[in-house]
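The values are calculated or read from the model by the stated rules, or taken from the named source; none is laboratory data. The structure displayed is predicted, hence computed values, not measured ones. A quick note on method: Cβ atoms are made from the backbone with ideal geometry, for glycine too, and the neighbour counts reach across all protein chains shown. Accessible surface is based on the protein model in full, side chains and every heavy atom, while ligands, DNA and RNA are left aside. Shrake-Rupley method; radii C 1.70, N 1.55, O 1.52, S 1.80 Å.
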Amino acid sequence: KYSAPILLDFVWWVLIEAKRRNIRKLYFLARDGYVMREVALVLCEKFNLDIECRYLYTSRAALRMPTYHLIGEEAYDLLLGYSYQVTPSSMLQRALLPDKIKTQILHEIGVAEERKDELLTRIETFELADKIRNNTLYRDSICKMSREAYPITIEYFKQEKLFEDSTVAIVDSGWNGSMQRSLRQLMDAEHYQGEIIGFYFGLFQEPPQMLNSTYLHWYFGPSGRLRDKVRFSNNLFECICAAPHGTTLGYQQSQDGIVPVLGNTVSEKQNEFVRSQIELITEFASEQITDKKFKDFRLAQAEKLTRLLIRQLMYRPEPEIVAAFQQMQFCDDIYESYFAALANEAQTDQLRNYTLFAQFSRALKKNAIKTQDLAWPYGVAALLPMPRCLWYRWNILVWEILKNSPARRIYSRLKKHK
């Protein structure tokens with residue numbers, strides 16, 4: 001009803017743009033690209049398109065690790081940022097450091113054993129990140145692991161034919177373009193001089209400019225469409241685009257060539273839900289294009305429908321829509337060191353932390369309440385009776401406007417206030 005037409009129009013747009021640019025090979029990035037590729041295969045078969053749709057097993061973790069020894073201080077900016085749930089242990093887990101080394105680093109930076117799993121506020125995260133960044137053992141360990149990961153990653157790229165064409169076109173959900181940046185850094189290190197084009201559902205911020213890199217977006221871009229960004233849930237979108245396999249941790253040699261090393265999935269029950277979701281989406285795509293031609297795509301009409309559906313799905317969902325996703329577990333950590341519910345009734349008490357007063361308090365106070373952020377606040381609010389639902393929805397919306405408007409520069413300073 002919602003996710004299927006949203007993804008159909010996005011993938012149709014990607015294929016239209018690919019044809020217009022004479023691109024004959026698309027790499028759909030794991031894991032958000034899994035269902036996108038399934039939809040693309042339906043469209044390519046129906047419309048007899050000469051476009052090869054490949055699935056590239058990768059992730060932020062798998063792409064970043066082999067780059068760390070190449071990019072200097074940027075590596076630690078990526079490794080030590082804030083996420084929905086941060087503890088001293090989880091910050092070190094992002095680099096998959098051995099337990100013995102993690103224990104030694106925590107000792108050297110003054111984190112007691114009994115406090116290694118305590119939740120950190122944003123300000124505490126920034127303070128601890130500075131200590132970790134300057135730790136010699138940490139930096140040496142990262143560089144060593146990065147150098148070891150580099151050769152097999154490049155061999156995987158060669159196996160998947162990334163270096164064969166003058167243009168590499170990737171398809172992903174988006175948000176900040178960091179996957180494309182890491183891919184560019186790795187391919188540049190191998191002297192690849194072709195163009196990398198990214199097709200993204202949306203981009204919240206301007207990706208770092210790099211030579212021969214193009215970023216295209218569908219629903220919203222770095223500038224403009226503020227009313228779309230503040231009503232959008234990238235966490236829910238990633239659940240809609242979930243794949244029935246774990247995150248890519250790296251690569252290893254096998255009898256069949258180089259294969260991905262995959263992390264664990266949440267549960268078989270969630271895998272079943274994901275497989276059912278993918279089947280429903282692809283069946284919808286097939287049914288919708290039965291009597292259509294490739295040229296029947298209408299950009300303005302598709303954009304209008306996408307905006308309507310996304311607001312109904314993400315910003316003001318009916319309780320039954322939220323209930324359909326209650327079993328989904330979400331994680332924004334690159335190595336999935338934790339999982340939390342996307343939205344359920346048990347989280348409604350946490351909405352008290354989403355009033356404007358509470359949000360400013362969390363941003364300004366070092367001793368702000370330590371709590372895991374909600375992955376889909378609008379979804380949790382939808383589970384409340386209407387008056388309270390409207391109150392919290394308004395508070396969440398205004399705060400999102402502050403974060404995403406030109407006032408975000410003030411917000412960023414508030415987060416780092418000490």
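Looking at region 305-314, is at least one residue charged (D, E, K, R), surrounded by 15 or more Cβ atoms within 10 Å (Cβ to Cβ) and under 30 Å from Leu80 (Cβ atoms)? Looking through region 305-314, none of the residues is charged (D, E, K, R), surrounded by 15 or more Cβ atoms within 10 Å (Cβ to Cβ) and under 30 Å from Leu80 (Cβ atoms). In the list Ala75, Ala40, which residue meets the criterion of being buried (at least 17 other Cβ atoms within 10 Å of the Cβ), in a helix (DSSP H, G or I) and at pLDDT below 95? After applying the criteria, what remains is Ala75. Taking the criterion of being touching an Asp or Glu at 6+ places or on another chain (Cβ under 8 Å) and either under 20 Å from Ser83 (Cβ atoms) or in contact (Cβ under 8 Å) with a residue 40 or more places away in the chain (or both), the only residue of region 136-166 that qualifies is Ile154.
Filtered by the rule that a residue be open to solvent by less than 50 Å² (accessible area, probe 1.4 Å), free of Cβ contacts under 8 Å to residues at least 60 places away in the same chain and of a type outside the set (S, T, N, Q), region 121-132 gives Leu128, Ala129, Ile132.
Scanning region 197-206 for residues that are surrounded by fewer than 23 Cβ atoms within 10 Å (Cβ to Cβ) and within 13 Å of Tyr27 (Cβ to Cβ) turns up just one, Ile197. Count of region 244-270 residues, restricted to those that are in contact with a helix residue (DSSP H, G or I) (Cβ under 8 Å, 6 or more places away or on another chain) and either free of Cβ contacts under 8 Å to residues at least 24 places away in the same chain or over 20 Å from Thr153 (Cβ atoms) (or both), is 2. Looking at region 155-193 only, could you name the residues that are buried (at least 19 other Cβ atoms within 10 Å of the Cβ) and part of a helix (DSSP H, G or I)? Within region 155-193, Tyr156, Phe157, Met179, Gln180, Arg181, Ser182, Leu183, Arg184, Leu186, Met187 meet the criteria.
Across region 98-120, the number of residues qualifying as surrounded by fewer than 20 Cβ atoms within 10 Å (Cβ to Cβ) and closer than 21 Å to His69 by Cα comes to 2. Only helices (runs of 4 or more DSSP H) whose full extent lies in region 361-418 are considered here, and the ones with at least 2 residues that are at pLDDT below 90 are 386-404, 408-415. Among the residues of region 209-236, the one identified as open to solvent by 50 Å² or more (accessible area, probe 1.4 Å), outside any loop (DSSP other than H, G, I, E, B) and without any contact (Cβ under 8 Å) to a residue 24 or more places away in the chain is Arg227. Just wondering, is there one or more residues in region 168-186 that are under 23 Å from Ile240 (Cβ atoms) and out of contact with any strand residue (DSSP E or B) (no Cβ under 8 Å at 6 or more places or on another chain)? Taking every residue of region 168-186 in turn, at least one turns out to be under 23 Å from Ile240 (Cβ atoms) and out of contact with any strand residue (DSSP E or B) (no Cβ under 8 Å at 6 or more places or on another chain). A single member of Glu206, Glu124 is at pLDDT below 95, part of a helix (DSSP H, G or I) and of a type in the set (D, E, K, R), and it is Glu124.
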